[in-house]
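Notes follow once the structure below has been shown.
No lab work stands behind these numbers, since they all come straight from the coordinates. Since this is a predicted model, take the numbers as computed values, not measurements. So basically every Cβ, Gly included, is an ideal-geometry build from the backbone, and we count neighbours across all protein chains shown.
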Ligand code: PGA
């Protein structure tokens, strides 16, 4: 896995009140004792970000938003800007999650604008991409992923791209209990790294963290993370409980 330190990121989606956020973060903090194998990040809902920022103080836990609006400010009722997320104390933001693409119509062009907005606000984007089951079965996996990667990162300099974390999440594996096999994950991560090398430069590609997401659990995390091009996990369901999230963070034990 070269010099890339694994990142275990919890995407809480539309779960957790402020009190539940504090309880979960305190539980993670306690469970982290002695962890050196991985960086750890949580992405609570917007309403709990400020409280979460307070709760992670004194720990190494990183904090992310789950989405942002592409404009820095304006008449966009109900939306949240990168600057507002940064202002809570968050340092990262998830962009282009398949649920955003599927339920909120986010296209590669919009994802591209959002990645730009995140960088402009000083946030590190966790840029998600992944194929549907239909696309995989039709043999279109690499074409779809290539289009999403090139579209999402269009117009970036190598310096900007070097800040981005990529997350491969096959849509058919999210919340379904079906995980990609190690071979399927490794094959895609290798492909994405190669493409990053072609679009930007080899060194950048070899330093970019590419996370895997989709039904990651304590009992499959070690195998997935043993793949040479898998640099961590974006975890949904299993990040909502202390035991399962800590079990993934301690994948090396
Ligand atoms: P899951 O979700 O772990 O529940 O499959 C992953 C994600 O959507 O990030």
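Considering the stretch 190-218, the residues that are within 16 Å of the ligand (Cβ to nearest atom) and under 20 Å from residue 140 (Cα atoms) include one that is surrounded by the most Cβ atoms within 10 Å (Cβ to Cβ), namely 212. Being in a helix (DSSP H, G or I), farther than 14 Å from residue 9 by Cβ and in contact with a helix residue (DSSP H, G or I) (Cβ under 8 Å, 6 or more places away or on another chain) is the filter here, so list the residues in the stretch 35-70 that pass it. Passing the criteria: 46, 47, 48, 49, 50, 51, 53, 55. Remark: residue 224 matches the filter, which requires a residue to be within 16 Å of the ligand (Cβ to nearest atom), more than 15 Å from the chain's Cα centre (by Cα), under 17 Å from residue 179 (Cβ atoms) and not in a loop (DSSP other than H, G, I, E, B). Only residues that are over 30 Å from residue 33 (Cβ atoms) and either under 19 Å from the mean Cα position of the chain (by Cα) or buried (at least 17 other Cβ atoms within 10 Å of the Cβ) (or both) were counted across the stretch 45-82, and they come to 7.
Name every residue in the stretch 227-238 that is more than 8 Å from the ligand (Cβ to nearest atom), assigned to a loop (DSSP other than H, G, I, E, B) and under 14 Å from the mean Cα position of the chain (by Cα), in order of residue number. 230, 231 - these are the residues of the stretch 227-238 that are more than 8 Å from the ligand (Cβ to nearest atom), assigned to a loop (DSSP other than H, G, I, E, B) and under 14 Å from the mean Cα position of the chain (by Cα).
Scan the stretch 8-17 and give yes if some residue there is buried (at least 18 other Cβ atoms within 10 Å of the Cβ) and more than 16 Å from the ligand (Cβ to nearest atom), otherwise no. Checking the stretch 8-17: not a single residue is buried (at least 18 other Cβ atoms within 10 Å of the Cβ) and more than 16 Å from the ligand (Cβ to nearest atom). Of all residues in the stretch 1-23, those being closer than 30 Å to residue 229 by Cα and part of a helix (DSSP H, G or I) number 0.
Counting just the residues of the stretch 153-187 that are within 16 Å of the ligand (Cβ to nearest atom) and assigned to a helix (DSSP H, G or I), which one comes out surrounded by the fewest Cβ atoms within 10 Å (Cβ to Cβ)?
If we filter the stretch 153-187 for residues that are within 16 Å of the ligand (Cβ to nearest atom), which is where we start, we get 165-181, 184-185.
The next check asks that each one be assigned to a helix (DSSP H, G or I); those that pass are 171-173, 184-185.
Details: 171: 21, 172: 19, 173: 22, 184: 17, 185: 24.
Looking at residues that are within 16 Å of the ligand (Cβ to nearest atom) and assigned to a helix (DSSP H, G or I), I get 184.
Under the condition of being within 15 Å of residue 171 (Cα to Cα) and either away from the ligand (no atom under 16 Å from the Cβ) or surrounded by fewer than 18 Cβ atoms within 10 Å (Cβ to Cβ) (or both), the residues counted in the stretch 83-103 number 2.
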